[in-house]
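Working notes for the structure below.
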Amino acid sequence: MRRILVAGNWKMNTTAASGVELARGVAAGAPAGESGVDVLVAPPFPYLVPVKEALQGSVVQLGAQNAYFEESGAFTGEVSVDMLLDVGCNAVILGHSERRHVLGETDEVINRKVKASLAKGLQVILCVGELLDDREAGRTEAILDEQMAGGLADVDAEALKNVVIAYEPVWAIGTGKTASPDQAESAHAHLRKWLADRYNAESADSMQILYGGSVKPANAKELIGQDNVDGALVGGASLSAENFLGIVTAATEVAAG
Ligand SMILES: O=C[C@H](O)COP(=O)(O)O
């Protein structure tokens, strides 16, 4: 049985003070003991250290929202995988649609970041997802295949064990429009089949595939309850401890069967 992961992507939000307060709230309410649900928050880079301190003693893991593929040197403004590990990050979100479509990241760049992170033992949450035009033109699966093949190029089955996939239909991100449970399940089942074809049945079966796109406490249980949905990557609702923990509670209920 796959574990469930609920990850909060704070994006470019919070201040040092509000981020610490949010982290404390999440830490205080996250399920202690064996719930079958892992919880992670990904604050902006400047707040990784104070948020890590606020999470001390809790089960909540720390993630980053990006990483650069070079180890060190003259790369102004970039942050290396070693730096993320140094401040206690457990994971990094890569290939988010905002990095693809707002900041122009290509599959090739994302793949270099994926490989650099995996080489150092940092867990990767690799995001994939189609634009509304793609969906309306019937290209959803082709886009997912292209992003999976590009992002995971030269990643073998062993390295893949440290990868989580997040399916985030771009038209559902921050729009209040959620993919229906059927739409999510269908895309996730397709991604799992892609993994079985490209790798093997074991890799496909064990992969955690998260759904992201306007997940809220009210819709989380039905989405996470789908056979091939193993958790959520949450944006807007992760900025309130109450809402984020509501999603964690829904996930815990799914895990309890
Ligand atoms: O990384 C998170 C996703 O972009 C979802 O964001 P959202 O929950 O605000 O729609």
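Observations on the model:
- For the chain: relative contact order, % (alpha-carbon pairs under 8 angstrom, 6 or more apart): 21 percent
- Each of the peptides 150-161, 242-253 was scored by the mean count of other Cβ atoms within 10 Å over its residues; in descending order, highest first, they stand as 242-253, 150-161.
- Less than 5 angstrom separates the built amide H of residue 130 from those of 170, all sequence-distant by 5 or more or on a different chain.
- Mean Cα-pair separation over length for segment 34-155, i.e. relative contact order, pairs under 8 Å, 6 or more apart, %: 21 percent
- Per-residue [θ]222 nm for the chain (sum of -39500 (n - 2.57) over DSSP H runs n ≥ 4, rounded to 500): -13000 deg cm²/dmol
- Cross-link partners of residue 161 among lysines, defined as those whose alpha carbon lies under 29 angstrom from its own and excluding same-chain residues fewer than eight positions apart: 11, 52, 113, 115, 120, 193, 216, 221.
- Shape category assigned to segment 209-257 from the gyration tensor of Cα positions, a/c cut at 1.5: oblate
- Dipole magnitude for segment 70-205: computed about the Cα centre from +1 point charges on Lys and Arg Cβ and -1 point charges on Asp and Glu Cβ, it is near 180 debye.
- Accessible area of segment 4-256 divided out per residue, in Å², using a probe of 1.4 angstrom: 42 Å²
- Segment 144-161 versus segment 19-64: alpha-carbon centroid distance in Å: 28 Å
- Amide hydrogen proximity for residue 164: with H placed 1.01 Å from N in the peptide plane, the residues at 5 or more positions away or on another chain lying under 5 Å are 124, 125, 126.
- Among 144, 48, 132, the residue with the largest mean-square fluctuation in a Gaussian network model of the chain, with springs joining Cα atoms closer than 10 Å, is 132.
- Inter-label distance, nm, simple model (7 Å from Cα along the C-beta direction), residue 75/residue 162: 1.6 nm
- Rounded D (µm²/s) - segment 4-256, Kirkwood Rh over Cα pairs, Stokes-Einstein at 37 °C, 0.692 mPa s: 182 µm²/s
- Cα gyration tensor category, rounded, prolate or oblate, for segment 1-43 with a/c compared to 1.5: oblate
- Among the DSSP helices (H) of the chain, none spans at least 27 angstrom by Cα along its long axis with an average Kyte-Doolittle hydropathy of 1.6 or more; this is a geometric and hydropathy rule only.
- When the Cα positions of 58, 208, 181 are compared along the charge dipole of the chain, 58 comes out farthest toward the positive end, with charges on each C-beta of Lys, Arg, Asp and Glu.
- Extending 7 Å from the Cα toward the beta-carbon at both residue 227 and residue 34 defines two label points whose distance is 2.7 nm.
- Only protein atoms count toward the accessible area here, which uses a 1.4 Å probe; on the chain, the carbon and sulfur part of that area reaches 50 percent.
The values are calculated or read from the model by the stated rules, or taken from the named source; none is laboratory data. This is a predicted model, so every value here is computed, not measured. Here the Cβ is made from the backbone with ideal geometry for all residues, glycine too, and neighbour counts use every protein chain on show. For the accessible areas, the whole protein counts, side chains as well, though only heavy atoms, and no ligand, DNA or RNA atoms are used. Shrake-Rupley method; radii C 1.70, N 1.55, O 1.52, S 1.80 Å.
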